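Everything on this sheet refers to the single structure shown next.
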Amino acid sequence: QVQLVESGGGWVQAGGSLRLSCAASLPASVVPKMGWYRQVPGNQRELVATVTSGGRTNYADSIEDRFTVSRDNRKNTVDLQMTSLKIEDTAVYYCGADVRDGGTLNTRRYWGQGTQVTVSS
């Protein structure tokens, strides 16, 4: 059973900063990619940022260099430092981990429970 435990999030005024953290119950050797996604009620879950076990990052265009995703393979954690937050960043943020399926190269994505981020004016 894969467990992803998220922390951080909360309420902040526009222009402020927040940090999200996620700890995985599996080692980096079987989790080639981890990252953060977000969802607003009525919309599909969307990519925010991901990072591979090798350190390669990918960001949504809407992030515009405001967020930084980082990963600690020894601790099996992934963090998201969010700065210059905008009202439109308000969403439930989910940690996602792509886990290898047995001894194959296929992966399956697992989700954390989600954490609310609210940005107000």
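A few remarks follow.
- Checked against (1) over 27 Å from V119 (Cα atoms); (2) among the aliphatic types (A, V, I, L, M); (3) free of Cβ contacts under 8 Å to residues at least 24 places away in the same chain, V99 meets all criteria but (3).
- Unmet requirement for V99, which otherwise passes all of (1) under 24 Å from A14 (Cα atoms); (2) touching a helix residue (DSSP H, G or I) at 6+ places or on another chain (Cβ under 8 Å): (1)
- Taking each residue of segment 8-23 that is closer than 12 Å to L85 by Cα and modelled with pLDDT of 95 or more and looking for partners that are surrounded by fewer than 13 Cβ atoms within 10 Å (Cβ to Cβ) and among the small types (G, A, S) with beta-carbon atoms closer than 8 Å, six or more apart or interchain, yields W11/S120; V12/S120; Q13/S120; Q13/S121; A14/S120; A14/S121; L18/G10.
- The set of residues from segment 87-121 being among the aliphatic types (A, V, I, L, M), touching a Leu at 6+ places or on another chain (Cβ under 7 Å) and under 18 Å from L20 (Cα atoms) comprises A97, V117, V119.
- Screening segment 1-113 for strands (runs of 3 or more DSSP E) wholly inside it with 3 or more residues that are surrounded by 14 or more Cβ atoms within 10 Å (Cβ to Cβ) returns the ranges 4-8, 18-24, 33-39, 46-52, 67-72, 77-82, 91-100, 107-111.
- Among residues of segment 17-52, those that are in contact with a Ser or Thr (Cβ under 8 Å, 6 or more places away or on another chain) and farther than 16 Å from Y110 by Cα, counted: 3
The values are calculated or read from the model by the stated rules, or taken from the named source; none is laboratory data. Quick caveat, the model's predicted, so the values are computed rather than measured. A quick note on method: Cβ atoms are made from the backbone with ideal geometry, for glycine too, and the neighbour counts reach across all protein chains shown.
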